[in-house]
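Here the structure is laid out as structure tokens; the discussion comes afterwards.
The values are calculated or read from the model by the stated rules, or taken from the named source; none is laboratory data. It should be emphasised that the depicted structure is a prediction, and the values quoted were computed from it without experimental measurement. Here the Cβ positions follow ideal geometry from the backbone for every residue, glycine too, while neighbour counts run over all protein chains shown.
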Amino acid sequence: MKPIFKRLVLPLMLAVPGLAWSQVAVIVSPKSPMTALTADQAAAIFMGRSTTLPSGATAAPADLPDSSGVREQFYSKAAGKSAAQVKAAWSRLTFSGKATPPKEIPSAAEVKKFVAANPDAIGYIEKSAVDATVKVVLVLE
């Protein structure tokens, strides 16, 4: 078992800095009435099982790009899904016309801008990137 860890897992962890240890913050606008969210609620919104926020407003989810380590970590921690599983699930939902995937935004800074400007927006970024322009409703460790 140890040789497999050394050859496969350890290099992967080192190739994506912070992937194994950073915290992911789910964020909303400071204008949002939402104060807390569960991991299940976040997963439902980002996996297309729910289109509304707990407040009843229509959710406007913001996703980071496929290549983002924070995206991989978010889906793993909130939904228990790998990047490939998320992509497959969205392919099925999109093909069947049942849902539209979250808006993909190129960077954490852009996610913060989008969320801060829209009271119905919800996104996720690395916790260390949070500032006063957004409100944290869930931290995934």
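Tabulated data
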{"read-out": "Filter result for residue 36 (on the phi < 0 side of the Ramachandran plot, assigned to a loop (DSSP other than H, G, I, E, B), among the aliphatic types (A, V, I, L, M) and in contact with a strand residue (DSSP E or B) (Cβ under 9 Å, 6 or more places away or on another chain))", "value": "yes"}
{"read-out": "Residues being crowded, with 16+ Cβ neighbours inside 10 Å and in contact (Cβ under 8 Å) with a residue 40 or more places away in the chain - total across segment 58-70", "value": "8"}
{"read-out": "Selection within segment 92-141 - of a type in the set (Ser, Thr, Tyr), more than 13 Å from the chain's Cα centre (by Cα) and modelled with pLDDT of 95 or more", "value": "128, 133"}
{"read-out": "Options 104, 110; residue that is free of Cβ contacts under 8 Å to residues at least 60 places away in the same chain, of a type in the set (Asp, Glu) and in contact with an Asp or Glu (Cβ under 6 Å, 6 or more places away or on another chain)", "value": "104"}
{"read-out": "Residue 75 vs. criteria within 17 Å of residue 38 (Cα to Cα), hydroxyl-bearing (Ser, Thr, Tyr), out of contact with any Gly (no Cβ under 7 Å at 6 or more places or on another chain) and in contact (Cβ under 8 Å) with a residue 40 or more places away in the chain", "value": "no"}
{"read-out": "Among residues of segment 87-107, those that are surrounded by fewer than 13 Cβ atoms within 10 Å (Cβ to Cβ) and within 16 Å of residue 52 (Cβ to Cβ), counted", "value": "2"}
{"read-out": "Subset of segment 115-135 [over 19 Å from residue 72 (Cβ atoms) and surrounded by fewer than 17 Cβ atoms within 10 Å (Cβ to Cβ)]", "value": "117, 118, 131, 132, 133"}
{"read-out": "Qualifying positions in segment 68-103 - in contact with a Lys or Arg (Cβ under 9 Å, 6 or more places away or on another chain) and of a type in the set (D, E, K, R)", "value": "92, 98"}
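Yes or no, residue by residue, for (1) assigned to a helix (DSSP H, G or I); (2) in contact with a Pro (Cβ under 6 Å, 6 or more places away or on another chain); (3) modelled with pLDDT of 95 or more; (4) closer than 21 Å to residue 108 by Cβ:
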{"site": "18", "(1), (2), (3), (4)": "no, no, no, yes"}
{"site": "21", "(1), (2), (3), (4)": "no, no, no, yes"}
{"site": "26", "(1), (2), (3), (4)": "no, no, yes, yes"}
{"site": "30", "(1), (2), (3), (4)": "no, no, yes, yes"}
{"site": "41", "(1), (2), (3), (4)": "yes, no, yes, no"}
{"site": "44", "(1), (2), (3), (4)": "yes, no, yes, no"}
{"site": "61", "(1), (2), (3), (4)": "no, yes, yes, yes"}
{"site": "76", "(1), (2), (3), (4)": "yes, no, yes, yes"}
{"site": "84", "(1), (2), (3), (4)": "yes, no, no, no"}
